[in-house]
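Below: one structure, written as structure tokens.
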Amino acid sequence: MTANVIKRALISVTDKGGIVEFAKGLAATGVEILSTGGTAAQLRKSGLTVVDVSDYTGFPEMMDGRLKTLHPKIHGGLLALRDNPGHVAAAREHGIDLIDMVVINLYRFEDTVAKPGCTLEEAVENIDIGGPTMLRAAAKNWRFVTVVTDPADYALILKELKETGGRISEATNYRLALKTFQLTARYDAAISNYLGRVLPEGEPKEFPDTYTVQFQLAQGLRYGENPHQKAAFYREPAAAFPAVATSRQIQGKELSYNNIMDADAAWQMVSDFDRPAAIVIKHANPCGAATSGGDLVEAYLKALKTDPASAYGGIVALNRPVDPKTAEELAKIFLEVIIAPGFDPKALEILQPKKNVRLLEIPASAGVGSPGFDFRRVVGGLLLQERDTDAFDLRQAKVVTKRAPTEEEYQALDFAWRVVKHVKSNAIVLATKDQLVGVGAGQMSRVDSVKIARMKALLPTKGTVLGSDAFFPFRDGVDMAAEAGVTAIVQPGGSVRDEETIQAANEHGMAMIFTGRRHFKH
């Protein structure tokens, strides 16, 4: 592949971070700089010689800046094929100078619409027209034009210019062009998704007629859910919220497909607790969960007691930084992944000998909320729904039995309700106010889930409470819970046989509350 000499660059950026240093680097190699508006003013202020686009085109900026680069002298300079004599002759005939580089980033549409109270008029004013047009033109002509959209590429480009005497290779241009088309695709998707939900008249639509989303390749995976399946991991381009997708791996083997799935389930679950909490996940279901009023190690040890055998080879998520005491306990058994918002340096020293254990550090929130939608792919289609972020106050639940829960039972019911939300349906959990005791997950019958929760419980079930992700269709589940010593139940209610289950609870002296909402997790 050949390399293209950079003689003229057009610079017009919204994000002006690093642009002065980059422009000075270009000027040092003899590049002439065209620019517009605020970018031109900033470059001149730094001492650079800049040609205004309006002077170059002979046409002034107008309409509040809406019209400034949409001109044949700009787009002809970008689109002309340098190895086509007809193109070169036409450019010469019409006074079109060739533009070898464009440096552009776009109006911040996504940031604008994310602001509370953003109006349709504000959103529309932040739809960039000239920028994407120039970017696409330059990217289409990548063999001859270098297109720069990301300040992170400035240093690499200057390095190549210095090493090659002012040239950029076609290979670099192709990589930058691809990055550009990915950017404009995401930008157009954001506009389409937003406008599809915000209607000029009437109520906003919950879901647009079309929905477009873009993810970036984060890493290739050795295989998928099973060894015969190929797989890769993608993340959202602008993700800045605390999540496994934005975590930093600081130790251990490469993450597998199943590691990522289970780690995500663990982190989502532990994030639902305010007190120090520990979650142990195996095959996307919790086999241990606990909170403590003090030390993190206390929460972890209580979580481990739920089902130590299942915890072997599991995933542990903690909602506090790992301290040395907790690290010592974590190091005593084989774990696949440990997830936490941080690791004390001494804790890292303790865990370092466990070289295969993957340590994931979750970033602090950057102020951007987690995604609003969950996706589930089906053959030929996509299911889209709001994330289940419900944080229902159980004190607002309806007491349907003669006896209301005690204060300690309310605390236990709250714990159980937070846990059962993350268990595969049909889901039943037995718990105390700070510890998971038994789990029944993924059964076709709710009474079978109660049986399994009771059977799996290694800790005493007498005095526990029960959380059910959906209503009891028959009283048998309540009767079985009473046999296990359960004293209180939280469930959504809504069955045609609710009166039967209420009667059963009253017969056993149990308290039961209805939330009016369920937490199916298929």
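A compact table of results
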| quantity | calculated |
| --- | --- |
| Dipole magnitude of the stretch 240-361, debye to nearest 20 (Cβ charges: Lys/Arg +1, Asp/Glu -1, about Cα centre) | 220 |
| Spatial separation of Cα centroids for the stretch 200-266 and the stretch 380-439, in angstrom | 26 |
| Full-extension gain in nm, residue 45 to residue 309, via 0.36 nm per residue minus C-alpha separation | 88.3 nm |
| Ellipticity estimate at 222 nm from DSSP helix runs (n ≥ 4, -39,500 (n - 2.57)) divided over the chain, nearest 500 | -10500 deg cm²/dmol |
| Rounded to 10°, Cα long-axis angle of helix 130-140 versus longest principal axis of the chain | 80 |
| Considering only the stretch 3-195, percent of DSSP beta bridges that pair antiparallel, nearest 5 | 20 |
| Additional length obtainable on full extension of the chain from residue 384 to residue 213, 0.36 nm per residue less Cα span | 60.4 nm |
| About the Cα centre, charge dipole magnitude for the stretch 3-195 (Lys/Arg +1, Asp/Glu -1 at Cβ), debye | 480 |
| Cβ-defined net charge surrounding residue 485, 14 Å radius [Lys, Arg +1; Asp, Glu -1] | -1 |
| Cβ-defined net charge surrounding residue 458, 14 Å radius [Lys, Arg +1; Asp, Glu -1] | +4 |
| Listed residue (247, 132, 496) projecting farthest to the positive dipole end of the chain, Cβ model | 247 |
| Electrostatic dipole magnitude of the stretch 395-514 [Cβ: Lys, Arg +1; Asp, Glu -1; Cα centre; debye, to 20] | 240 |
| 5 angstrom amide H check on residue 287, placed H, neighbours 5+ away | 280, 281, 282 |
| Residue-count net charge about residue 331 - beta-carbon cut-off 15 Å; Lys, Arg +1, Asp, Glu -1 | 0 |
| Full-stretch length increase - residue 500, residue 229 - with 0.36 nm per residue and alpha-carbon distance subtracted | 92.8 nm |
| Ordering of 153-163, 203-213 by packing [mean C-beta count within 10 Å, highest first] | 153-163, 203-213 |
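Only the coordinates and a few stated rules stand behind these numbers; no lab work does. Predicted model only: the values in this text are computed from it and were never measured. Note that each Cβ is placed from the backbone with ideal geometry, even for glycine, and that neighbours are counted across all protein chains shown.
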